[in-house]
Amino acid sequence: MHRLFDLRMADGSRHFGELPETHDPQEPEWHRLGSHVSGLAGAALTGFVTDDVTEAWIAFTLAGQQFSLNNQQSQWWFFVNDPSCPDELLLLVLDHFEGLLNPRGAIARRFGPIAGAYRVMVYEEDGRVTFKDFAERGAAEGYADDAAFESGLTLAQVFDQDLRLIHFARCPAMPS
């Protein structure tokens, strides 16, 4: 699946991307996102509306473009007012927010396009991170489970082609 898409809204804006939403009542994601805008060089927060229960709209400007984020259907949807905004700028925005919303997916993306439909990321005890791509989900999950079981301390995660976490494997260390 393509990371950027072009869905035109009734107001003429472009829905260009989405990232997974998580729910943490102790630290609502919308407040973290609002604060995260300032970490994007040149961006300025221009609007922030939330009911502090279910939904938020966050607006900002960057490089003369107007952007907004809204949480819908367990995703953060990204919009730009000008549908002809350069793809490079749209990807810059997605990359910035992916580091907060989907940090493991951002790491998995650094290894390039997935050759298949699933990517297994293995986080070794010594700090190394390796990956392997698979065409079938069962094979990917089996590989992740084996990697975690073999060492007892390794963390392995399986991502789908959109780099959404779909399987988590960690084998607890054996008691002494």
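The values are calculated or read from the model by the stated rules, or taken from the named source; none is laboratory data. Bear in mind the structure is a predicted one, so any value in this text is a computation, not a measurement. Cβ coordinates were reconstructed from backbone atoms using ideal geometry, including for glycine residues, and neighbour counts include every protein chain displayed.
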Would you mind stating whether Glu18 is among the charged types (D, E, K, R), buried (at least 18 other Cβ atoms within 10 Å of the Cβ), at pLDDT below 95 and within 30 Å of Ala135 (Cβ to Cβ)?
-> yes
Going through (1) in contact with a Ser or Thr (Cβ under 8 Å, 6 or more places away or on another chain); (2) at pLDDT below 85; (3) surrounded by 16 or more Cβ atoms within 10 Å (Cβ to Cβ) one by one, Leu163 fails only at (1)
Only residues that are surrounded by 16 or more Cβ atoms within 10 Å (Cβ to Cβ) and part of a strand (DSSP E or B): list them for the range 125-150, please.
-> Phe131, Lys132, Asp133, Phe134
When (1) outside the structural domain of Trp76 (by TED's automatic domain parsing); (2) part of a helix (DSSP H, G or I) are applied to Phe97, the one that fails is (1)
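Rundown of residues vs (1) surrounded by fewer than 18 Cβ atoms within 10 Å (Cβ to Cβ); (2) in contact (Cβ under 8 Å) with a residue 40 or more places away in the chain, yes/no style:
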position	(1), (2)
Ile58	no, no
Thr61	yes, no
Gln72	yes, no
Phe78	no, yes
Val93	no, yes
Gly99	yes, no
Asn102	no, yes
Gly105	no, yes
Ala108 versus (1) over 20 Å from Ile166 (Cβ atoms); (2) at pLDDT below 95: which is the lone unmet condition?
-> (1)
